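The values are calculated or read from the model by the stated rules, or taken from the named source; none is laboratory data. Since the model is a prediction, treat every value here as computed from it, not as a measurement. As a convention, Cβ positions derive from the backbone with ideal geometry for all residues, glycine included, and neighbour counts pool all protein chains shown.
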Amino acid sequence: MNPRVIHRARILALLVICGFVPLALSGQTDSSDSPTALASRRQNVWVSGGVGVGTGGLAEIASGWYSNNNLVVGARTADASGWFGPDVHDTALLLGVRNLAPRGLALIAAGPARLGGWHNNGEQSGTRTVLPTEIGMALSAEAAFTSPLFGIGIDFFAARGKNTSIVGATLSLQLGWLGS
C-alpha cells in the first residue's frame, strides 16, 4: 500500500479518536462559576490540524492535546512532502507547558518521535526508496486565538533523528474544550 495513504489514514484516525474526548467534556460545568469556589484545576482537551510549508514543500500536521493547568500532554503526526527532496513524516508523544490566557493559547512541548519517509533515488525513472524508520526527538509549538470551543493559529513543528529531520509551520484550526 502507498506509504502516503497509510500516513494520511493515521492522521485521520488521530483526529477521529481525539475528537470524541472534547465532546464528552463539553457537558461538564466549571466549578469556578461559583463565587464561593476555591481556585480549581483548569483542564482542557482539543485537537488541532493544519496545512502549511515544511521541509522542501507542503506540510501537514494533526495533533491531540490534554492540559491540566499549565502542564500539557499531546500526540502529533506531521508530514512534509518535498517538491524536489524527500518526503518525511513523524509521529510523536509530547510533554510541555502552556499559558492560561482566556482567549489565547500558546504551548511548547517536546518528546520522542518516530521518523520515516521516502525519497527519489535520483534516477530518471523516479524510483522511490523508503527511508528507514528511526527514533528521534520532536518539538512542537502552537499559538492561537481561541473561543471556548474553537481557535485559529499557527503550529510550528520539528523532529530530528540520526539521518532524518522534518521542520514545518502550518496555519491550523483547534477544536475542543479550550476553556474560557
Q. For the subset of the range 132-171 comprising residues that are buried (at least 22 other Cβ atoms within 10 Å of the Cβ) and polar (S, T, N, Q), which member is nearest to A75 (Cα to Cα)?
A. S140
Q | Residues located in the range 146-166, provided they are hydrophobic (A, V, I, L, M, F, W, C) and modelled with pLDDT of 95 or more | A | I152, I154, F156, F157, A158, A159
Q. Regarding V45, is this residue at pLDDT 95 or above, among the hydrophobic types (A, V, I, L, M, F, W, C) and over 15 Å from S140 (Cα atoms)?
A. yes
